[in-house]
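Colleague: Take a look at the following structure, please.
The values are calculated or read from the model by the stated rules, or taken from the named source; none is laboratory data. It should be emphasised that the depicted structure is a prediction, and the values quoted were computed from it without experimental measurement. So basically every Cβ, Gly included, is an ideal-geometry build from the backbone, and we count neighbours across all protein chains shown. When the accessible area is computed, the model is the full protein with side chains, heavy atoms only, and any ligands, DNA or RNA have been set aside. Shrake-Rupley method; radii C 1.70, N 1.55, O 1.52, S 1.80 Å.
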Amino acid sequence: MQESLKEQIHSLWITLQIPTEQQNMETTGPICEVNAVLQQNLEQLQQMKIKNIKEVITGIREKLHTYWDKCLYSQKQREESDFLRSENFTEELLRVHDEELLKITLYYEKYQELFDNFEKWERWWKLFLEFEKKASDPNRYANRGGTLLKEEKERTQLQKKLPKLEEELKLNILKWETEQGSHFMINGQKPMIYIATQWEQHRFKKEQEKQERCIKKDDAPICRTPLKRPLCPSNTPLSKIRKLNGTSTIISSGSACNRVIKTPRKTPNAGKLPDPLQRPSLQDKKTIDTSIPNVARQPGTFNALVTSYSEFSRDLSRKSNCVKGQLNSTTLENP
């Protein structure tokens, strides 16, 4: 009996919002005297409850709303409580409120793990979305002090923790549905369907942002820096010719790079044209004299073929003596 009296007194202290310093149940003496003191304190609290019944009912309603939020009650479930809209503050209405508060309290304590896990998932999910948003920010590399590394580490951990927490939620929901004999709903939707929808919307949003970045990148103008001088032009004059191992190596200069062209060395007798400045041998001279007929030479003209350097010099001097003739060292005129 003594313990029952103490529980009722303690409940009324909470209901009436009695300050902690005024809550005192320390009694000494025989048991019958202690029980009498406790019964007297209970009756006083009940009288206070009746006098302040409106304030008490208002306080209970606030507690009910808090538990409904924790138990994920839908708007439809909350509207089923008609007594919450009553303005006739009587002891009967107070009794109904007390019963409903006790009922929702026991329900929350029984399935607290389910409600806590879902609340934790929503909190982690919001944090994960914030990290994902920061990860796609082009200015994230401006952060210093290891902030970027820390956020990336937390994002990776959340990405691993969320699927594990979802598996725990599946087991909690299965237990609830087995005991209650109905489907566990959140705002008219099954929790696991709600979670899958959130993931799908997140993937779709990331893909859409990726496509928008690709479109902006393709539409952006390409800025190219003009070169100050062309690299390896085709009309660069040859400056050096070097012969190495039977081949001719041509090195061009005047550009940003050197071009090396190797040409095979020609044999002395393969397609070689006669050099008019080179003195032929006696045997070659006889061959030329016998193969070419004697052609009368006229003043002021050159022969069609010069057989020796001495004849070329002689014809050149004759040409220079002619007033009407015009000297051209690169043109040979027929007589």
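Colleague: Would you say residue 49 is out of contact with any strand residue (DSSP E or B) (no Cβ under 6 Å at 6 or more places or on another chain), in a helix (DSSP H, G or I) and open to solvent by 50 Å² or more (accessible area, probe 1.4 Å)?
Modeller: When the stated conditions are applied, residue 49 does not pass them.
Colleague: Where the second residue is open to solvent by less than 40 Å² (accessible area, probe 1.4 Å) and not in a helix (DSSP H, G or I) and the first is within 12 Å of residue 83 (Cα to Cα) and lies in segment 94-105, which pairs have Cβ atoms under 8 Å and are six or more apart or on separate chains?
Modeller: Cβ pairs passing all conditions: 100/81.
Colleague: Shifting gears a bit: Out of 92, 119, I need the residue that is more than 24 Å from residue 69 (Cβ to Cβ), loosely packed, with under 14 Cβ neighbours inside 10 Å and either charged (D, E, K, R) or modelled with pLDDT under 90 (or both). Which one?
Modeller: Answer to the selection: 92.
Colleague: Check segment 224-244 and report whether any residue there is at pLDDT 60 or above and either outside any strand (DSSP E or B) or closer than 22 Å to residue 126 by Cβ (or both).
Modeller: no
Colleague: Here is a check on your reading of the model: is residue 22 modelled with pLDDT under 80, within 30 Å of residue 119 (Cα to Cα), exposed (fewer than 15 other Cβ atoms within 10 Å of the Cβ) and out of contact with any Cys (no Cβ under 6 Å at 6 or more places or on another chain)?
Modeller: The answer is no for residue 22.
Colleague: Only one of (1) farther than 30 Å from residue 184 by Cα; (2) without any contact (Cβ under 8 Å) to a residue 40 or more places away in the chain is not met by residue 85, so which one is it?
Modeller: Here residue 85 meets the rest and fails (1).
Colleague: Report, by residue number, each residue of segment 76-87 that is open to solvent by less than 100 Å² (accessible area, probe 1.4 Å) and within 14 Å of residue 58 (Cβ to Cβ).
Modeller: Residues satisfying the conditions are 83, 84, 86.
Colleague: Does segment 58-65 include one or more residues that are buried (at least 16 other Cβ atoms within 10 Å of the Cβ) and in contact with a Lys or Arg (Cβ under 7 Å, 6 or more places away or on another chain)?
Modeller: There is no residue in segment 58-65 that is buried (at least 16 other Cβ atoms within 10 Å of the Cβ) and in contact with a Lys or Arg (Cβ under 7 Å, 6 or more places away or on another chain).
Colleague: (1) loosely packed, with under 13 Cβ neighbours inside 10 Å; (2) touching a Phe, Trp or Tyr at 6+ places or on another chain (Cβ under 9 Å); (3) of a type outside the set (Gly, Ala, Ser): which one isn't true of residue 214, the others all being true?
Modeller: Condition not satisfied by residue 214: (2).
Colleague: For segment 122-160, which positions are among the polar types (S, T, N, Q), open to solvent by 70 Å² or more (accessible area, probe 1.4 Å) and modelled with pLDDT under 75?
Modeller: Correct list: 139, 143.
Colleague: Condition first: acidic (Asp, Glu) and more than 17 Å from residue 46 (Cβ to Cβ). Now tell me which residues in segment 1-33 satisfy that.
Modeller: 3, 21, 26, 33
Colleague: In addition: How about segment 68-104: which of its residues are outside any helix (DSSP H, G or I) and not small (Gly, Ala, Ser)?
Modeller: Within segment 68-104, 71, 72, 73, 80, 87, 88, 89, 90 meet the criteria.
Colleague: Now, a different point. Go through 202, 183 for me and flag whichever is in a loop (DSSP other than H, G, I, E, B) and either open to solvent by less than 90 Å² (accessible area, probe 1.4 Å) or not aliphatic (A, V, I, L, M) (or both).
Modeller: From the options 202, 183, the qualifying one is 183.
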